[in-house]
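J.: Got a structure for you, written out below as structure tokens; questions coming shortly.
The values are calculated or read from the model by the stated rules, or taken from the named source; none is laboratory data. Here the structure is a predicted model, which is why all the values come from computation and not from measurement. Positions of Cβ are backbone-derived with ideal geometry, glycine not excepted, and every protein chain shown enters the neighbour counts. Just the protein is used for accessible areas: all its heavy atoms, side chains included, with ligands, DNA and RNA removed. Shrake-Rupley method; radii C 1.70, N 1.55, O 1.52, S 1.80 Å.
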Amino acid sequence: MKDEITRDERIDNLKGMGCSRKRVEDARFTQGKGNYVDDVKLDGMLFGDFVRSPYAHARITNIDSAAALEVPGVLAVLTAKDLEPLGLHWMPTLAGDKQMVLADGKVLFQGQEVAFVVAEDRYAAADGIEAVEVDYEELPVIVDPFESLKSDVILREDTVDENGRPTDGAHGPRNHPNHIFTWEAGDKAPTEEVLANAEIVAEESMYYHRTHPCPLETCGCVASMDKVNGKLTLWGTFQAPHAIRTIVSLISGIEEHNIRVISPDIGGGFGNKVGAYPGYVCSVVASIVTGKPVKWIEDRMDNLMTTAFARDYWMKGKISATKEGKITGLHCHVTADHGGFDACADPTKFPAGFMNICTGSYDIPTAYLAVDGVYTNKAPGGVSYRCSFRVTEAVYFIERMIEVLAIKLNMDAAELRRINFIKKEQFPYKAALGWEYDSGDYHTAWDKALKTVDYEGLRAEQAQRVEDFKAGKTRKLMGIGLSFFTEIVGAGPVKNCDILGLGMFDSCEIRIHPTGSAIARLGTISQGQGHATTFAQILASEIGLPADSITIEEGDTDTAPYGLGTYGSRSTPVAGAATAMAGRKIRAKAQMIAAYLLEVHDNDVEFDVDRFVVKGAPERFKTMKEVAFAAYNQAIPGIEPGLEAVSYYDPPNMTYPFGAYVCVMDIDVDTGVPDIRRFYALDDCGTRINPMIIEGQVHGGLTEALAVALGQEIAYDDMGNCKTGTLMDFFLPTAWEVPNYETDYTVTPSPHHPIGAKGVGESPHVGGVPCFSNAVQDAFRAFGNTHTNMPHDHWRIWKTANELGLHD
Amino acid sequence: MIPAAFEYYRPKDIEGVLAILEQHGDDARVMAGGHSLIPMMKLRMADVPHLIDLQDVGGLSGIEVTGDSIRLGALVTQAQIIDSAELTRAAPILREAALQIADPQVRYMGTIGGNVANGDPGNDMPGLMQCLDASFSLIGPDGAREVAARDFYEAAYMTDREDDEVLTAVTLPLPQGGYAYEKQKRKIGDYATAAAAVQITGQGGTCTSASIAMTNLSDTPIFSEDAGEALVGTTVDDAAIKAAMAAMLGDIDPTEDNRGPVAFKKHVAGVILRRAITRAWSRA
């Protein structure tokens, strides 16, 4: 048969890797046809909601539910006393700590869950909450981690022995009742020696403020216990549905095969939906108690005030260099405010996540990091908000230290970066704090970025602006923000990455249908990233069937293979690799079938785009579609019928995406209002699967970076009251506040990943936060500023100008 | 964010509204666009057992521009203010200010009547109405009366309106000269960090009248008569503007909140007023 179309057209028809294929998810999302957890409606479904503590630290002397039970529609009020016989009044956290499900005698943060009211609908539940009477006895409140470590107020009585001395924690000895862990990386004594003998040392203390991922859809679940067959079905906003299934099984005692966890469409996660929350446990218990499905959905204030904050790192740094600017050592100490419980969502062996990537993109021979975790009267969490584990903190730290060092050296910060970058020929590069960077070409990216924005021209313009300002011709200063980041994503190798003992591999299972279409299921779960689009593209290129003929399904633990979910930019590096590997298994079997059909030896056919051709005789071929049919209708000697494959991929290493960002900002010195004139983002995420989706991810990540850098925070007053519990005060940028972004790229494939991809969803956030912040700080460099803390909202920028004497 | 149960009323005429108010007293509230009241009810910070929706009440909508005055029915929305070419010709400052209120979705629902009647110091229209010397029409069991915007506000959420009265219209003299509504805010949808409304006239390069009001810098809008007076008879030079700023700063009384401390707000108030005066004077 004559082939009517060209090879290039056959490639285009697949819509495989490299194609800006339109997102298949968007047809439903843009028409309001998504199916989110709050869309799950079951017969007889009840609604549960929490009585929450108005106090940040208090003892509970009594809970009286009598009046609440009189409220029409209210069926039950659960307290810790009801959960205790089941052993469910506390639950384990992902960080090896434990957390109260419902207040067990005291509360440790404002908004803590005190009682769970179960009612026929959410209105009755809200009325019931008002009617529960709780007697509180206020206790001294600690919102400052440094004060906490000096205080004789013991926040967690469950972590001290009978003499009030701290018992060992999940990560070793603790030096104070309010201390959680000390975690170290690198070499302390050699680093201190390098710093002591260095020609130049720059020091800075910086606070990376507490903020929140704030997905558009809040957290929630529907628990449905079928008492007849003993099966529990749990729909929820879970970023890791399989892990949730295992955790629910372990803490409830329900056998894992009797639990089905379903993550339906998820409206953004950004780390907020990784952990396990009291709402899940209470919904499950309430469903068991009532025999009916129970729904729990957070409102916006619940979400902002109680589930999974991010950051809250007090970072103290020292960086040493030669007079010429060659960095010789780095020392970092972090005081990490974890709130009332350590509920960080990190790989279990990494209580400070991958903070030890804080040597950044630079060849720093000697380094030391220590992190101390501390309890305070704030909400628990510490999740990775649009970043791999604590990588945003690490990159912010080093990118600020570089700027501070440049000031100390009186040197251009771009040049300081250039002379310290890890060189292309040094990869794979073993960093002083332990990681082995797989690949990189930093100089090429940096030079491209600086050239594109005309860096020298910008500096000349800025110098002129300073002169004009001093001459009274303008009241606006110009800041040039630079950042160069290296991410560490794709957790991770099972040898060192696990969550509660579950190895952080991921998986893909493929079934090819007789007519040449397919379904692939993965252990990950999209929250808007477009997995159904991109994973089909990987498969299209690997197996030669059109992406449009491949369904991607995730999120149902009864059907999907086991995986650890989606966060930390791990889906493409880990599940994407599993997808490619499973595709290659399909291809290997298909090759044998094709050879049989073509009546040649297996080794005499080769794969070409969408078919197997006889070597040297391209007119003799069988398409993958033909092979698929043959797999189901031919009796082929020595080959089982069917065409399926499954792959569990344990990555040999992390992947290390990087990028070069430049922000140009004009700052109104009198009002503190910044105006972002230009933002250029060059990302190198290795092999690019869908350029359009990459661009969208970069836009989203930069916008969340802008938010965090310029105003988004979870702030508390001295009494532990959350001051930013609504979107009036919690900054969520709209199209109005967002500048035009220029995106660019280089491609340095990961050498160990099957398709060379590295992950991109979080890079723009990681690189963007220091870039926006550096722009603000750079605007004031000529007037003596070295560092001011984020968020750079109007009044804090104004304060910087004021303190530098720039107002009348 | 779930309100307590309430009775919902949708009367067809003002008599029906007044009857319900009379019957339930403090327990009843009227609602126009609902963009202040409903969030407060959802937060259970406002307890409104009897909610009276004004949407079907006749005679509360419509924009009338005559030779010397403008009348806005209480149910005129911010979007209608923005969209009315006739109103924009007669009083362009209304459009300039309305465009700085909230976001388009809110402006389709939010009304002038609700904005001025609620007494929220963050709302933009009360200060603007003081600047323009508007008056508010109130109707109650004892009949109708007019109150000057400059006399209407007593404290945060406290106004001259009695609980059994309804604000039905806003009337203002046709503004003359140059104008500006200048507002600094943290983001779209936010209340002002500081906002200034300025309406100014001049002849031969000399200011003949100036009216200045400030928003969200006290527990009520602030009409600063002294600030306006400081400009009259001057060429609106730097010294005059500084005098107006000083006079205004003597009248406002901002408090610290998430937008920043008092010193910052006072400084920004001065900057915003300077910019508003400069822009208004350039249009006079």
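J.: Would you jot down the residues in the range B:1-34 that end up with at least 40 Å² less accessible area in the complete protein assembly than in the chain alone, with a 1.4 Å probe?
T.: B:Met1, B:Ile2
J.: Then there is this: Carbon and sulfur together cover what percent of the accessible area of the range B:178-283 at a 1.4 Å probe radius?
T.: 49 percent
J.: Sticking with this structure for a sec: In sequence order, what are the phi-derived ³J(HN,Hα) couplings for the range A:209-221 according to the Karplus relation 6.51 cos²θ - 1.76 cosθ + 1.60 with θ = phi - 60°, rounded to whole Hz, with x for glycine and proline?
T.: Values, residue by residue: 5, 6, 9, 8, x, 6, x, 4, 8, 7, 6, x, 7 Hz.
J.: Something else now. Within straight cross-link reach of A:Lys295, meaning Cα distance under 19 Å, which lysines are found once same-chain residues fewer than 8 apart are removed?
T.: Hits, sequence-local ones excluded: A:Lys41, A:Lys227, A:Lys231, A:Lys273.
J.: In square angstrom, what is the accessible area per residue of the range B:7-53 with a 1.4 angstrom probe?
T.: 53 Å²
J.: How far, in degrees from 0 to 90, does helix B:238-251 lean away from the longest principal axis of the Cα atoms of chain B, to the nearest 10?
T.: 30 degrees
J.: Continuing with this model, one more query. If the reach is capped at under 21 angstrom between alpha carbons, list the lysines near A:Lys625, excluding any in the same chain fewer than eight residues apart.
T.: A:Lys2, A:Lys15, A:Lys585, A:Lys589, A:Lys615
J.: Assuming R0 = 60 Å, what is the FRET efficiency of B:Lys42 and A:Asp454, from their Cβ-Cβ distance, to the nearest 0.05?
T.: Working from the Cβ atoms, E equals 0.75.
J.: For the range A:235-376, what size does the Cα cloud have along each of its three principal axes, sorted from largest down, in whole Å?
T.: So the extents along the principal axes, rounded to whole Å, are 72, 32, 27.
J.: What FRET efficiency comes out for the pair A:Leu42/B:Arg10, r = Cβ-Cβ distance, R0 = 35 Å, nearest 0.05?
T.: 0.55
J.: Exactly which GluC sites (Glu not before Pro) in the range A:246-303 are in a DSSP loop and have at most 13 other Cβ atoms within 10 Å?
T.: A:Glu255
J.: Find the accessible area per residue for the range A:740-808; the probe is 1.4 Å, ligands and nucleic acids are left out, and the unit is Å².
T.: 31 Å²
J.: Go through the range A:661-693 and flag every residue whose accessible area shrinks by 40 Å² or more with all protein chains in place compared to the isolated chain (probe 1.4 Å).
T.: Those are A:Asp670, A:Thr671, which lose 40 Å² or more relative to the chain on its own.
J.: In Å² (nearest 100), what accessible area is buried between B and A, both sides summed, heavy protein atoms only, 1.4 Å probe?
T.: So the buried area, both faces added, is about 2100 Å².
J.: Averaging over all projection directions, find the projected area of the Cα convex hull of the range B:63-173 and quote it in nm² with one decimal place.
T.: Mean orientational projected area (the range B:63-173, Cα hull): 6.5 nm².
J.: Which of B:Ala134, B:Ala79, B:Ala46 moves most in a GNM of chain B, Cα contacts under 10 Å?
T.: B:Ala46
J.: Related question: Give the relative contact order (percent, whole number) for the range B:63-173; include only Cα pairs under 8 Å separated by 6+ residues.
T.: 29 percent
J.: Any idea how many Lys pairs in chain B come in under 27 angstrom at the alpha carbon, given 8 or more places apart or on separate chains?
T.: Final tally of qualifying lysine pairs is 13.
J.: Measure nothing but the geometry: give the 0 to 90° angle between the long axis through the Cα atoms of B:262-283 and the longest principal axis through the Cα atoms of chain B, rounded to 10°.
T.: That helix lies at roughly 70 degrees to the long axis.
J.: Could you list the trypsin sites (Lys or Arg not before Pro) in the range A:1-105 that lie in coil according to DSSP, counting only those with at most 13 other Cβ atoms within 10 Å of their Cβ?
T.: Working: sites: A:Lys2, A:Arg7, A:Arg10, A:Lys15, A:Arg21, A:Lys22, A:Arg23, A:Arg28, A:Lys33, A:Lys41, A:Arg52, A:Arg59, A:Lys81, A:Lys98; in loops: A:Lys2, A:Lys15, A:Arg21, A:Lys22, A:Arg23, A:Lys33, A:Lys41.
For trypsin sites (Lys or Arg not before Pro) across the range A:1-105 that sit outside H, G, I, E and B with at most 13 neighbouring Cβ atoms in 10 Å, the list reads A:Lys2, A:Lys33, A:Lys41.
J.: For B:Val262, tell me the accessible area in Å² from a 1.4 Å probe, rounded to the nearest 10.
T.: 50 Å²
J.: Between A:Glu203 and A:Lys81, what length in nm is gained on full extension when 0.36 nm per residue of separation is reduced by their alpha carbon distance?
T.: Length difference between fully extended and current span is 38.8 nm.
J.: A follow-up question, please. Run through all the Cα pairs of the protein assembly as shown and give the fraction in each 20 Å bin from 0, expressed as whole percent.
T.: Result returned by the calculation: 11, 36, 36, 15, 2, 0.
J.: Separate question: Can you give the percent of C-alpha pairs in the range B:178-283 whose distance is more than 23 Å?
T.: Every Cα pair in the range B:178-283 considered, those over 23 Å come to 21 percent.
J.: Using Cα pairs closer than 8 Å and at least 6 residues apart in sequence, work out the relative contact order for the range A:280-385, in percent.
T.: Across the range A:280-385, relative contact order equals 33 percent.
J.: Ignoring ligands, DNA and RNA, please state the percent of accessible area on chain A from carbon and sulfur, probe 1.4 Å.
T.: Exposed carbon and sulfur together represent 51 percent of the surface.
J.: What does the convex hull of the alpha-carbon atoms of the range A:509-598 project to on average, in nm²?
T.: Numbers: hull surface 23.4 nm².
Averaging across all directions leaves 5.9 nm² for the Cα convex hull.
J.: Can you compute the modelled spin-label distance between B:Asp27 and A:Ile636, with each label point 7 Å from Cα toward Cβ, in nm?
T.: Between B:Asp27 and A:Ile636, the label points sit 8.0 nm apart.
J.: Taking only C-alpha pairs under 8 Å that are 6+ residues apart, what is the relative contact order of chain A in percent?
T.: 16 percent
J.: Kindly give the semi-axes, whole Å and largest first, of the ellipsoid equivalent to the range A:64-109, taking each as the square root of 5 times a Cα gyration tensor eigenvalue. The partial results should precede the final answer.
T.: Values: eigenvalues 133, 25, 17 Å².
Output for the range A:64-109: semi-axes of 26, 11, 9 Å.
J.: With all protein chains present, calculate the accessible area of B:Asp103 using a 1.4 Å probe and round the result to the nearest 10 Å².
T.: 40 Å²
J.: Between the alpha-carbon centers of the range A:135-214 and the range A:644-674, tell me the distance in whole angstrom.
T.: So the separation of the two Cα centres works out to 28 Å.
J.: Could you work out how far the C-alpha centroid of the range B:153-184 sits from that of the range A:690-735, in angstrom?
T.: Taking the Cα centre of each part, the range B:153-184 and the range A:690-735 sit 34 Å apart.
J.: Could you check the simple spin-label distance between A:Gln464 and A:Arg165, using points 7 Å along Cα→Cβ, in nm with one decimal?
T.: With each label point 7 Å from Cα toward Cβ, the separation is 7.0 nm.
J.: Mean 1/r over all different Cα pairs, inverted: what Kirkwood radius does the range A:143-248 give, in Å? Write down the numbers at each step before the final one.
T.: Values: mean 1/r = 0.0510 Å⁻¹.
In the range A:143-248 this quantity evaluates to 19.6 Å.
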